[in-house]
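Contents: one structure, followed by commentary.
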Amino acid sequence: MAPYKFKLQQVLDYRNQLEDQAKMAFTQAQQRYDAHVARVNGLRQRLAEYEPKLYQTNNPSELWLLRNFVQALTLDVATAESRLLQLAQELNKARQNLVKKSQERKLLDKLKENQAKRHAKEERFKEQQQFDETATLRYKPQAV
């Protein structure tokens, strides 16, 4: 039986390479998103920690400092949340790209699989024809 050689193997290898690159890009986007989520949560905790102190102090200078600090923290949280939204969009784009590259590779894998099955079937058929021909040529009817 002749070995099967997929004619589009280089294309399949290239698509595997593109899928690997998309996986890395997705992983990096996921890491950036997770790191920023931790940052936003830290800012929110800090804000939740300092907001109640505004109502507990009687010192005007301390109140002024706390109010400015809380306002700055609120602004930081809003900025971080908008950046988090951008990172979520980037993550979604990376995920869509990965799915697309994966589908393209799987399509070629399926084509390779189907062609390999067809090749094996054709080879078995040729081999069976050879056996039949050999058996026919060697057959000698018994003399009565």
> Which number in (1) open to solvent by 80 Å² or more (accessible area, probe 1.4 Å); (2) over 28 Å from LYS23 (Cα atoms); (3) part of a helix (DSSP H, G or I) marks the one condition that LYS110 misses?
Replying inline: (2)
> Residue check, VAL99 against (1) aliphatic (A, V, I, L, M); (2) open to solvent by less than 70 Å² (accessible area, probe 1.4 Å); (3) within 28 Å of the chain's Cα centre (by Cα), all met but one. Which one?
Replying inline: (2)
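Results for (1) charged (D, E, K, R); (2) over 30 Å from GLN103 (Cα atoms), shown as yes or no for each residue.
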site: LYS23; (1), (2): yes, no
site: ASN41; (1), (2): no, yes
site: LEU47; (1), (2): no, yes
site: TYR55; (1), (2): no, yes
site: SER61; (1), (2): no, yes
site: LEU66; (1), (2): no, yes
site: ALA72; (1), (2): no, yes
site: GLN89; (1), (2): no, no
> Does VAL70 count as within 28 Å of LYS117 (Cβ to Cβ) and part of a helix (DSSP H, G or I)?
Replying inline: no
> Only one of PRO60, PRO3, PRO52 is within 30 Å of GLN128 (Cα to Cα) and of a type outside the set (S, T, N, Q); which?
Replying inline: PRO3
>> Just to verify a result, which residue in the range 114-142, among those that are assigned to a loop (DSSP other than H, G, I, E, B) and either open to solvent by 100 Å² or more (accessible area, probe 1.4 Å) or among the hydroxyl-bearing types (Ser, Thr, Tyr) (or both), is farthest from PHE6 (Cα to Cα)?
In response: GLN142
> How many residues are farther than 19 Å from ASN41 by Cβ and open to solvent by 70 Å² or more (accessible area, probe 1.4 Å) if we restrict to the range 62-89?
Replying inline: 6
>> Just to verify a result, which residue in the range 42-61, among those that are hydrophobic (A, V, I, L, M, F, W, C) and either open to solvent by 90 Å² or more (accessible area, probe 1.4 Å) or modelled with pLDDT under 95 (or both), is farthest from GLN17 (Cα to Cα)?
In response: LEU54
>> Out of GLU104, GLU127, I need the residue that is more than 41 Å from the chain's Cα centre (by Cα) and among the acidic types (Asp, Glu). Which one?
In response: GLU127
>> Checking the structure you have, find out if any residue of the range 13-31 is closer than 30 Å to ASN114 by Cβ, open to solvent by 80 Å² or more (accessible area, probe 1.4 Å) and hydroxyl-bearing (Ser, Thr, Tyr).
In response: yes
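Let's see how each residue does on (1) closer than 30 Å to ARG124 by Cβ; (2) in contact with a Gly (Cβ under 6 Å, 6 or more places away or on another chain); (3) of a type outside the set (Val, Ile, Thr):
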{"residue": "TYR4", "(1), (2), (3)": "yes, no, yes"}
{"residue": "MET24", "(1), (2), (3)": "no, no, yes"}
{"residue": "ALA29", "(1), (2), (3)": "no, no, yes"}
{"residue": "GLU49", "(1), (2), (3)": "no, no, yes"}
{"residue": "LEU66", "(1), (2), (3)": "no, no, yes"}
{"residue": "THR74", "(1), (2), (3)": "no, no, no"}
{"residue": "GLU81", "(1), (2), (3)": "no, no, yes"}
{"residue": "LEU85", "(1), (2), (3)": "no, no, yes"}
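The values are calculated or read from the model by the stated rules, or taken from the named source; none is laboratory data. None of the values given here were measured: they were computed from a predicted structure. Because the Cβ atoms are built from the backbone with ideal geometry, glycine has one as well, and the counts that use them run over all protein chains shown. Keep in mind that these areas ignore ligands, DNA and RNA; they rest on the heavy atoms of the full protein, side chains included. Shrake-Rupley method; radii C 1.70, N 1.55, O 1.52, S 1.80 Å.
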